[in-house]
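*Asks:* Here you go, one structure.
Coordinate-derived values only; no laboratory data. Remember, it's a predicted structure, so these values are computed and weren't measured experimentally. Positions of Cβ are generated from backbone atoms using ideal geometry, with glycine treated the same way; all protein chains shown enter the neighbour counts.
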Amino acid sequence: MRPAVRENGFKYWEYVLCYVDDILAISDNPHKLLSGVQLKFKLKDDKMEEPDMYLGTDLSKMNNEDGDVGQCHLINIVQRW
């Protein structure tokens, strides 16, 4: 979790949720956020994609109070042995 600011000046919090070998980034620019993770960890197949499910729960984009649509992406960071 860290503070961030959108291009329009709107302040918000970015989140990175991790469980075993999955990461969920909640950010205005999730690709940039996860690229930072990729500098430290080998990503499975270098894969980053928009999720529809995380830990058995369906996900969808939601509008916040100022009408902007939030974004999130899911990746696998640990190759299975």
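*Asks:* Report the full-extension gain for the segment residue 15 to residue 40: residue separation times 0.36 nm, less the Cα-Cα distance, to one decimal in nm.
*Replies:* Values: separation 25, 0.36 × 25 = 9.00 nm, distance 1.73 nm.
The residue 15-residue 40 span can extend by a further 7.3 nm.
*Asks:* Out of the trypsin sites (Lys or Arg not before Pro) in segment 16-62, which ones are loop residues according to DSSP with at most 12 other C-beta atoms within 10 Å? Could the numbers behind the result be given before it?
*Replies:* Numbers: sites: 32, 40, 42, 44, 47, 61; in loops: 42, 47, 61.
For trypsin sites (Lys or Arg not before Pro) across segment 16-62 that sit outside H, G, I, E and B with at most 12 neighbouring Cβ atoms in 10 Å, the list reads 42, 47, 61.
*Asks:* Could you derive backbone 3J(HN,Hα) for segment 31-39 from the dihedral phi with the Karplus parameters 6.51, -1.76 and 1.60 (θ = phi - 60°), listing whole Hz in sequence and x where the residue is Gly or Pro?
*Replies:* Per-residue couplings from phi come out as 4, 5, 4, 6, 5, x, 4, 5, 5 Hz.
*Asks:* Report the label-to-label distance for residue 55 and residue 7 in nanometres (one decimal), using points 7 Å from each Cα along the Cα→Cβ vector.
*Replies:* Roughly 3.2 nm, to one decimal.
*Asks:* Right, something else. Summing Lys, Arg as +1 and Asp, Glu as -1, what charge do residues with Cβ under 13 Å from the Cβ of residue 14 carry, residue 14 excluded?
*Replies:* Numbers: positive: 2, 6, 11, 32; negative: 28.
Once positives and negatives cancel, what remains is +3.
*Asks:* 5 Å is the cut-off here: which amide hydrogens, built 1.01 Å from N in the peptide plane, fall below it relative to residue 14, excluding neighbours closer than 5 in sequence?
*Replies:* 2, 4
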